[in-house]
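The values are calculated or read from the model by the stated rules, or taken from the named source; none is laboratory data. Note that this is a predicted model, so its numbers are computed, not measured. Glycine gets a Cβ as well: all are built from the backbone with ideal geometry, and neighbour counts include every protein chain shown.
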Amino acid sequence: MLKNMTMIVFSVMLAAFAQLLLKQGMTKVGEISSLSKAPSMLLTAISNPLVLAGLAVFGISAVSWLIVLSRVPLSIAYPMVSLGYLFTVLFSWLKFNEPLKLMTILGCLVIMLGVFLISRGMQ
């Protein structure tokens, strides 16, 4: 069970880290403000090293998630993806100085409770 939970957390944490890289890359690319600008901006985005790194990390996360799915029932594994919200909130606060509002913290606590209860089904 511990090995599976570790793999789940690893995969979800990688996905959250990929989001961080994608956000950082897109901050450098700029806002895609209209559909007419989207094609050229997306071409710029996919040539940005941070965006490419984010996509690569997502790929690694996807491969590790396939390993999880081969070992853990989907009804247990998939709800664990919600841990990504926790990691993303934490990483965004640390890296981008995004605010941690009371409702966000309360929401994260509810998610943690839910993940704890679902993880009890792994035993």
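Does Met1 count as loosely packed, with under 13 Cβ neighbours inside 10 Å and of a type in the set (A, V, I, L, M, F, W, C)? Spelling it out, Met1 is indeed loosely packed, with under 13 Cβ neighbours inside 10 Å and of a type in the set (A, V, I, L, M, F, W, C).
Residues in the range 63-110 that are among the hydroxyl-bearing types (Ser, Thr, Tyr) and either out of contact with any Phe, Trp or Tyr (no Cβ under 8 Å at 6 or more places or on another chain) or farther than 15 Å from Met5 by Cβ (or both): Ser70, Ser75, Tyr78, Ser82, Tyr85, Thr88, Ser92, Thr104. Taking the criterion of being within 25 Å of Lys28 (Cα to Cα), among the polar types (S, T, N, Q) and in contact (Cβ under 8 Å) with a residue 40 or more places away in the chain, the residues of the range 49-103 that qualify are Ser61, Thr88, Ser92.
Which one of Ser92, Ser61 is modelled with pLDDT of 90 or more, assigned to a helix (DSSP H, G or I) and touching an Asp or Glu at 6+ places or on another chain (Cβ under 6 Å)? Don't jump to the end; show me each part of the working.
Values: Ser61 fails: touching an Asp or Glu at 6+ places or on another chain (Cβ under 6 Å).
Exactly one of Ser92, Ser61 is modelled with pLDDT of 90 or more, assigned to a helix (DSSP H, G or I) and touching an Asp or Glu at 6+ places or on another chain (Cβ under 6 Å), namely Ser92.
Pairs meeting the criteria (first residue in the range 29-48 and surrounded by 12 or more Cβ atoms within 10 Å (Cβ to Cβ), second residue small (Gly, Ala, Ser), beta carbons under 6 Å, at least 6 apart or on different chains) are Val29/Ala45; Ile32/Ala38; Asn48/Gly25.
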